[in-house]
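Asker: Below you will find the structure I want to go over with you.
The values are calculated or read from the model by the stated rules, or taken from the named source; none is laboratory data. It should be emphasised that the depicted structure is a prediction, and the values quoted were computed from it without experimental measurement. Cβ: placed from backbone, ideal geometry, glycine included. Neighbour counts: every protein chain shown.
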Amino acid sequence: MNAYTELQKKHQEEVNAFPCFFAYDKDQFAEGMKSLGLKPTDTKLIYRGMAGMYYRKSDSPRLKEMLDRHIKEEQEAINGDTTGEGYILDMFSEELANHEYGYTRDLSDTLGAVGLTLDKVRSSKTLLHGLQKALERYNATV
């Protein structure tokens with residue numbers, strides 16, 4: 001497993017362990033509220049997040065801390081790759097494949113997935129080098 005995948009896996013496990021639920025109908029909502037130890041009528045005690053996510057208002061600081069830490073850890077991993085051939089290469093390689101670069105030849109989805117723009121990549125020797133190496137690797141396998 002590469003460094004990028006390992007960090008993403010760690011972050012996903014933390015998100016999965018966070019007390020929340022996803023609901024798209026009344027039955028799922030009622031079941032989800034029960035999983036949080038709440039009644040379906042306790043709607044003043046929850047927040048609705050993105051994509052049908054619900055969580056306790058009291059857990060909001062924990063969620064913010066976790067997501068902020070994830071961003072910090074990802075940035076530290078990028079900054080710690082002084083050559084662009086470690087974490088950065090892994091990151092771009094993974095996301096090129098995830099966003100079907102071979103079909104689209106469009107980098108926007110790949111860069112968007114990691115919170116970067118082409119201008120930002122071009123302004124950093126390590127990011128640019130990592131992207132170039134990932135593209136070379138990707139093109140060699142297709």
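Asker: Find the residue count for the range 63-93, including only residues that are surrounded by fewer than 19 Cβ atoms within 10 Å (Cβ to Cβ) and part of a helix (DSSP H, G or I).
Answerer: Within the range 63-93, residues that are surrounded by fewer than 19 Cβ atoms within 10 Å (Cβ to Cβ) and part of a helix (DSSP H, G or I) number 17.
Asker: Given the residues Glu85, Glu65, which is the only one that is within 20 Å of Gln8 (Cβ to Cβ) and either within 19 Å of the chain's Cα centre (by Cα) or modelled with pLDDT under 95 (or both)?
Answerer: Glu65
Asker: Take Glu74 and tell me if it is of a type in the set (Asp, Glu) and more than 22 Å from Glu13 (Cα to Cα).
Answerer: Against the criterion (of a type in the set (Asp, Glu) and more than 22 Å from Glu13 (Cα to Cα)), Glu74 does not qualify.
Asker: Could you pull out the residue among Gln8, Gln28 that is surrounded by fewer than 16 Cβ atoms within 10 Å (Cβ to Cβ), among the polar types (S, T, N, Q), at pLDDT 95 or above and not in a strand (DSSP E or B)?
Answerer: It is Gln28.
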